[in-house]
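Chemist: One structure, pasted below without further comment.
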Amino acid sequence: MQTLLEFIKKYNYWFLFLLLEVISLVLLFRFNNYQSSVWFTSANTVAGKVNGWYTDAVSYIHLKAVNTQLNKDNIFLQQQVSALREALDKATEKPGLNESAVLDSLKGYTLIQAKVVSSSIHKENNFIVVDKGSDDGIHNDMGVVGGGGVVGIVCLVGKHYSMILPTLNVKSSISCRVRHSKYFGYLQWFGGSSANACVNDIPRYARIKTGEYIETSGYSSVFPPGIFVGKVTTVTNAPDGLSLQLKVNLGTDFGRLSDVCIIANSHKPEIDSLQVNMLNTESTAP
């Protein structure tokens, strides 16, 4: 306290000078219109610049949060645009000849639409996962078509998702026939290209030409007869030499597969029951 008093006493003339200056300026700007207007204008200008600097500083501080929100909004808008573009493509897309033929052959059957959420085409044991499950009426051993041909068979079912054993799996075997001659065999895939598979067990005496169509035989309760599978590109002898092997260009483009139809056959339980009863009868026969 003593030091403060000594400081004021030492520089009292300066403090008095500053006080008189403030009083004179107040009197000047208060009682003179011109000087008052100049002061008011200058003060507003300075205040405006200070407020601008403050606003810029606050905006800069919050720039990161604003940028994060803009990124979120941008992602949301991109998702909306993608969904709208996909809906527009579906609304304007015309089904190909193969796809139209498949849908025509399934008239009278209940088709459950599903979307592919995961798939593989370059492995030996490929699988496809779709967004429909037991809550949607899906169960094991249902046939699946889409993309212009046969896709595969449902092999595992959850509440909301199902797994499909596609024709592009070395464990897959689907009963097929040649459309016009009706010779039948089994569609199998041995790896390699996702565009081709083979039909085996065709009798050697059958006269099959390249370009003929392969379709489901209907000899099981999984697929009804007549669903397009593919087109014969090569006819050769099977490795065992006892039958023909048909190389088939598949009608389904698995690389672009996004939507499928799962076939709900209301007669399948009855057909399966008859087959089981027949097997039991044969096993108990003397």
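Chemist: Is there a residue being surrounded by fewer than 22 Cβ atoms within 10 Å (Cβ to Cβ), under 19 Å from ASP259 (Cα atoms) and of a type outside the set (A, V, I, L, M) anywhere in the stretch 161-173?
Modeler: The answer is yes; a qualifying residue exists.
Chemist: Sticking with this one: Within the stretch 114-172, how many residues turn out to be assigned to a strand (DSSP E or B) and either in contact (Cβ under 8 Å) with a residue 24 or more places away in the chain or under 25 Å from TYR219 (Cα atoms) (or both)?
Modeler: So the count comes out to 28.
Chemist: Quick one: in the stretch 218-258, of everything that is under 31 Å from the mean Cα position of the chain (by Cα) and in a strand (DSSP E or B), which residue is farthest from CYS198 (Cα to Cα)?
Modeler: Applying the filter and picking the extreme gives PHE228.
Chemist: Of the residues LYS247, LYS268, LYS231, which single one is among the charged types (D, E, K, R), modelled with pLDDT under 75 and surrounded by 13 or more Cβ atoms within 10 Å (Cβ to Cβ)?
Modeler: Going through LYS247, LYS268, LYS231 in turn, the sole match is LYS268.
Chemist: Turning to a different aspect of this structure: Using beta carbons and a limit of 6 Å, which pairs, at least six apart or on different chains, have the first residue in the stretch 173-194 and more than 21 Å from ILE121 (Cβ to Cβ) and the second one surrounded by 16 or more Cβ atoms within 10 Å (Cβ to Cβ) and among the polar types (S, T, N, Q)?
Modeler: From the stretch 173-194, the pairs are SER175/SER217; SER175/SER220; ARG177/SER217; PHE184/SER217; GLY185/ASN200.
Chemist: Looking at the stretch 195-206, which of its residues are out of contact with any Ser or Thr (no Cβ under 8 Å at 6 or more places or on another chain), in a loop (DSSP other than H, G, I, E, B) and either touching a residue at least 24 places away in the same chain (Cβ under 8 Å) or crowded, with 18+ Cβ neighbours inside 10 Å (or both)?
Modeler: Passing the criteria: only ALA195.
The values are calculated or read from the model by the stated rules, or taken from the named source; none is laboratory data. Here the structure is a predicted model, which means the values were calculated and not measured. Backbone-built Cβ (ideal geometry, glycine too); neighbour counts: all protein chains shown.
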